[in-house]
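Read through the structure below, which is laid out as structure tokens, and then see the notes.
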Amino acid sequence: MAALPLLRWGASSLRGHSSAPPSSRLFSALRRPPAAARCEPGSRVMLKGMDYPELENWVRSQGFRPGQAMMLWKCLYGNNVWAHCYDELAGLNKDFRKMLTDHADLKALTVKDILNASDGTRKILFSLEDGSVIETVVIPCASGRTTVCVSSQVGCAMNCQFCFTGRMGLRKHLSTAEIVEQAVFARRMFSDEFGSITNVVFMGMGEPLHNIDNVLKASAIMVDEQGLQFSPRKVTVSTSGLVPQIKRFLQESNCALAVSLNATTDEVRNWIMPINRKYNLSLLLGTLREELRLKKKYKVFFEYVMLAGVNDSVDDAKRLVDLVRGIPCKINLISFNPHSGSQLKPTPDEKIIEFRNILIQDGLVVFVRLSRGDDQMAACGQLGEPGDYQLPLLRVPEKFQV
């Protein structure tokens with residue numbers, strides 16, 4: 001989660017398991033776009049599933065003036081209201097409120113449980129209408145920044161070997177409303193306790209760019225100046241490296257992008273991140289170089305989960321310097337958070353520092369990300385509940401089996 005408490009060093013501060021092809025189901029799933037939400041005539045609409053132009057058009061179609069749409073928008077997202085029931089729609093006229101009661105829904109999620117970690121992190125379990133459960137994490141920080149980590153899917157198709165969510169496989173895409181409402185709930189439930197929720201990271205359950213239509217729409221609602229009013233620089237969307245979707249995201253959104261890199265060779269990345277077999281390091285990094293030439297004052301975050309004996313050698317650090325050369329970026333080094341079933345181990349702290357030092361000697365900006373909420377399985381890579389059906393762990397390459 002890019003907005004967690006971080007330790008930052010720059011060059012100036014240093015000076016004072018299987019090799020077989022992955023399941024075809026993974027890649028066929030990538031080719032299928034999520035079904036667009038449709039509103040049949042006479043059916044109820046989900047208000048948080050619409051951006052403002054759509055909401056205004058819908059309000060007009062019901063015979064009401066556009067000013068009512070803006071008042072409704074501010075009840076949903078602004079004015080510290082974050083309305084979840086019709087009684088909270090203050091300022092709307094009686095006829096308009098009755099129409100909403102008859103034809104619109106305000107809530108897409110139901111709180112199932114809230115788990116409190118020893119460091120103050122909160123993990124919220126939400127039930128969806130079909131009974132599925134997603135997890136959202138709220139991370140307060142002593143500096144005054146509070147981050148909400150939102151999910152974009154139930155499960156995930158990517159099967160990254162270090163991620164607990166990946167063991168679930170993909171169960172479903174979340175709708176725009178189900179994504180947006182996680183941030184709304186965070187503000188509604190925790191603003192009094194933690195102060196303003198300042199940051200959003202799409203680093204919960206799922207691969208956000210696999211659900212790109214709903215993620216783009218949800219992130220646009222989050223940064224709307226009349227709505228939730230998050231700064232685009234403080235809304236970060238993560239990806240395992242879906243190249244066509246990365247191009248679209250960088251062309252259509254001003255929000256921040258985080259690329260989960262985690263390896264410096266295709267051999268290792270093919271194993272721990274099977275998506276690399278479709279979009280390898282050369283294609284991924286070449287695309288970023290090309291696209292970022294068109295975006296001024298924009299830097300991508302590279303996420304790098306440190307795995308003992310897998311991607312944390314001195315040679316890995318030197319290769320990483322070469323790989324990202326010419327790409328405006330910042331690097332987050334993340335300690336692996338263990339979970340049941342994983343054969344991977346976290347890199348010792350002293351080796352993370354050694355790795356970091358090699359990067360900053362070359363002028364890179366590096367953050368070491370601190371784990372938060374791991375005693376409640378709320379830390380990076382720990383979300384979800386695979387249940388009885390789990391995607392298989394891939395065979396460990398022979399050179400790493402020791």
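The values are calculated or read from the model by the stated rules, or taken from the named source; none is laboratory data. These numbers were taken from a predicted model, which means no experiment stands behind them. Cβ sites come from the backbone with ideal geometry, for glycine too, and all protein chains shown count toward neighbours. Surface areas here come from the heavy atoms of the whole protein model, side chains and all, with no ligands, DNA or RNA. Shrake-Rupley method; radii C 1.70, N 1.55, O 1.52, S 1.80 Å.
Brief remarks on what is shown
- Derived value for region 45-105: Kirkwood hydrodynamic radius 11.4 Å. Basis is the mean of 1/r over every pair of different alpha-carbon atoms.
- If the convex hull is drawn through the Cα atoms of region 183-300, its volume per residue in Å³: 119 Å³
- Carbon + sulfur, % of accessible area of the chain - ligands and nucleic acids excluded, 1.4 Å: 49 percent
- Cα-centred dipole magnitude for the chain, charges only on beta-carbon of K, R (+1) and D, E (-1), debye, nearest 20: 960 debye
- 5 Å-binned pair-distance histogram of region 147-241 (Cα, whole percent): 3, 14, 26, 23, 16, 11, 6, 1, 0
- Sequence of E54, E290, E129 when ordered by accessible area, the most exposed leading, probe 1.4 angstrom: E129, E290, E54
- Think of region 110-391 as having a plus end and a minus end, set by charges on the Cβ of Lys, Arg, Asp and Glu; of F194, T264, G204, T264 sits farthest toward the positive end of this dipole.
- Calculated from backbone phi, Karplus (6.51, -1.76, 1.60) coupling profile of region 272-285 in Hz, x at Gly/Pro: 7, 9, x, 4, 5, 6, 9, 10, 6, 4, 4, 5, 4, 6
- Rounded, prolate or oblate (a/c below 1.5 giving rounded, otherwise prolate when a/b exceeds b/c) for region 110-391 by Cα gyration tensor: rounded
- Accessible-area value, S152, 1.4 Å probe, nucleic acids and ligands omitted, Å²: 0 Å²
- Solvent-accessible area per residue for the chain (1.4 angstrom probe, square angstrom): 43 Å²
- Per-residue SASA remark: D95, around 110 Å² accessible (1.4 Å probe; ligands, DNA and RNA not included).
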